[in-house]
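Some notes on the structure that comes next.
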Amino acid sequence: MKIEKFHGKTIFMAALFLASVFVLGIKLLNPTPIQIIIKGQSTEITQIPGFFTFTDVIILIVASITLGISGEYLLLFDSVRGPAEKPVGELILEERKRRWESIAKTLKDDERKVYRAIIESDGIVEQSKLPEITGISKSNVSRALDLLESKGLVERRRRGMGNIVLLK
């Protein structure tokens, strides 16, 4: 699952886009439908289907232009994102993969297998799955995780009846 951080400009454009869609929808579906005529003591109301006032037309034009600009920005936003704007989790995982060789030299055999399994699982895995992935017994996986945690390489978090293991 990819979690992205949205910048203020993107949120503003998305809000502008939604507001424009809302205004266009309301104005197009509900043009000014009545005309009220007051003659002395009596009032006459007549319906004029499909009648747009000058103000309605101006609002429709402004909303259409705003919709076009904000929609174009939102469509093109992902294509101009640079590599520096990757989610933090992906950056940590890439950095850990680059440092794998130097870290692996400092780890014991079981620690190395468990750490590699976590990296290959994109930095997050259920602790209960590690024995089947690594071929190491549950107790040895738990000991290896204790050592990896003490070295500041991983973190265990409680989820329901089990733990998930995250790269730190």
Q | Approximate spin-label separation GLU149-MET161, in nm, with each point projected 7 Å along Cα-to-Cβ | A | 2.0
Q.
Counting only other residues whose beta carbon sits under 9 Å from that of GLU155, what net charge do I get with K and R as +1, D and E as -1?
A. +2
Q.
Students often get this wrong, so check it: of LYS105/LYS168; LYS97/LYS138; LYS9/LYS97; LYS9/LYS168, which have C-alpha atoms separated by over 21 Å?
A. LYS97/LYS138; LYS9/LYS97; LYS9/LYS168
Q.
Could you check the spin-label model distance between ILE59 and LYS105? Points 7 Å from the Cα along Cα→Cβ, value in nm.
A. 7.0
Q | Shape category assigned to region 88-167 from the gyration tensor of Cα positions, a/c cut at 1.5 | A | oblate
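Values quoted throughout were computed directly from the atomic coordinates according to the rules given, and no laboratory measurement underlies them. For clarity, every value in this text was computed on a predicted model and none was experimentally measured. Using ideal geometry, Cβ is built from the backbone for each residue, glycine included, and neighbour counts are taken over all protein chains shown.
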